[in-house]
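Here is the structure we will look at.
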Amino acid sequence: MPAPPDLSSRRPLDRLDFTRSGAAFALCLIYVVGVGARVALNRFVPGPEVFIDELVYVDTARSLVAGGGVYLAGLPMNFPCWLYSLMIAPIVAHWPMAEAHPIIRVVNAFVMGSTSFFAYGLARELASRRSAVVAAVLVALMQNFAYSAYVMTESLFLPIFTLAIWFAVRAMTRPSVTNRIGAGLAFGLAFHVKPQGIVIAPIFALAVGVFELERLRYSASSNARVTQLVRGLWRHWLTVAAWIVGLSPRLIEILAFENHTHPFSISAFFGSYGNIAEGFHGFRPNFLWAALFGLAAVWIVATGFFPAIGLCRSLFMRGRSEYGTPSRAAVIFLSIAVAVLIAMFARHTALVDEMWRVHERYLMVLMPALIAWFCAFDTPEDRIAGSSSTVGALRNL
């Protein structure tokens, strides 16, 4: 029998572990330092810089304060996603824009900084408190936090999307009433921030299907497998119901403020964004392929091309061996999400954009969850056994 590994030579950080109160203190410290640094850095960013988008959110915020729905330049906008505008509405209502803009930046930094809490929660589903705290630190260093300097929905979308993924993993692996309701409400909440949030529910449905099909390998008979699959899928009726409840404010908005000929139609639900999604230029295959390859390249580079090559085989084999676990649920959800988001945003470029571009901010909403998953493999035992991880490589540097 081989001797146990000698742990006496582990680095100090490897010996570090956190109690519940210690992890809470570390998270608060990460949040305070991260928000403080971002508030200080935002002062050096000229603004408003993304002028059209920022103008839209400021004007719609003013209309929400005035009442009567979402308006732009005094005209009904019928835009389905108003949660960010509602968040900044009290600020633009009480201060002139010259004073409101820096205040909004501060609020953005506080809201966006909460992503570290949700990334910690997701990482805690997969690994120890130590690895989860490391994930929170790395998420706080993400380049996406630079968007807190702009009056844009990314400041709210990033934490809510991360929260939705956390609840999705919990609903798949621990389908309690609370987790299923929480997942559905988080999916609905994401739509009210950005219309792209509507895809989280279909991604979750596909992930649940794959997750439950994989669990059938443990069933002895074909009848038991069918029963197990039906039960595994049917229990998420509560998730769907909570999702519909989360989307219901949009229906109330349609009936109370918008004059649609068919208020219960898909076109009415998506409002003005439906016209954008249908495109202005017709289908352009060259734009589609350019966007597909461009987004794939951005994702490969952003996740670390060379570490990804070295980790690909070990992570794939380990993920494949853990059927039914939170780690496997995260792998399935993230894999489907990457494919769906790349395809969706490539289609957007092919139909809508005047020139080819890469909408990296849409794809980067997956990075906190991916960082949390990578951190789950960064254990001292893994490194002693001869494997490595992205976090371990960063720490070695």
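The values are calculated or read from the model by the stated rules, or taken from the named source; none is laboratory data. Quick caveat: nothing in here was measured; it's all calculated off a predicted structure. Note that we place each Cβ from the backbone using ideal geometry, even for glycine, and neighbour counts take in every protein chain shown. Remember, those area values only see protein heavy atoms, side chains included, never the ligands or the DNA or RNA. Shrake-Rupley method; radii C 1.70, N 1.55, O 1.52, S 1.80 Å.
I'd like the full set of residues that are surrounded by fewer than 22 Cβ atoms within 10 Å (Cβ to Cβ) and closer than 16 Å to I244 by Cα, limited to the stretch 199-211.
V199, P202, A205 - these are the residues of the stretch 199-211 that are surrounded by fewer than 22 Cβ atoms within 10 Å (Cβ to Cβ) and closer than 16 Å to I244 by Cα.
Could you tell me which of the residues M172, M152 is within 30 Å of H359 (Cβ to Cβ), touching a residue at least 40 places away in the same chain (Cβ under 8 Å), open to solvent by less than 10 Å² (accessible area, probe 1.4 Å) and not in a helix (DSSP H, G or I)? I'd like the intermediate steps shown before the answer.
Working: M172 fails: not in a helix (DSSP H, G or I).
On inspection, the qualifying residue turns out to be M152.
Among V331, V340, V301, V245, which is the only one that is open to solvent by 70 Å² or more (accessible area, probe 1.4 Å), at pLDDT 80 or above and either more than 19 Å from A190 (Cα to Cα) or not acidic (D, E) (or both)? Spell out the reasoning first.
Working: V331 fails: open to solvent by 70 Å² or more (accessible area, probe 1.4 Å); V340 fails: open to solvent by 70 Å² or more (accessible area, probe 1.4 Å); V301 fails: at pLDDT 80 or above.
Residue meeting the stated conditions: V245.
Please go through the stretch 226-242 and give me each residue that is modelled with pLDDT of 90 or more and open to solvent by less than 60 Å² (accessible area, probe 1.4 Å), ordered by number.
H236, L238, T239, A241, A242 - these are the residues of the stretch 226-242 that are modelled with pLDDT of 90 or more and open to solvent by less than 60 Å² (accessible area, probe 1.4 Å).
What residue, of G182, G197, is within 30 Å of M87 (Cα to Cα) and within 14 Å of the chain's Cα centre (by Cα)?
Working: G182 fails: within 14 Å of the chain's Cα centre (by Cα).
Exactly one of G182, G197 is within 30 Å of M87 (Cα to Cα) and within 14 Å of the chain's Cα centre (by Cα), namely G197.
Hey, can you tell me all the residues within the stretch 132-149 that are open to solvent by 30 Å² or more (accessible area, probe 1.4 Å) and either without any contact (Cβ under 8 Å) to a residue 24 or more places away in the chain or not in a helix (DSSP H, G or I) (or both)?
If the condition is that a residue be open to solvent by 30 Å² or more (accessible area, probe 1.4 Å) and either without any contact (Cβ under 8 Å) to a residue 24 or more places away in the chain or not in a helix (DSSP H, G or I) (or both), then L141 is the only one that fits.
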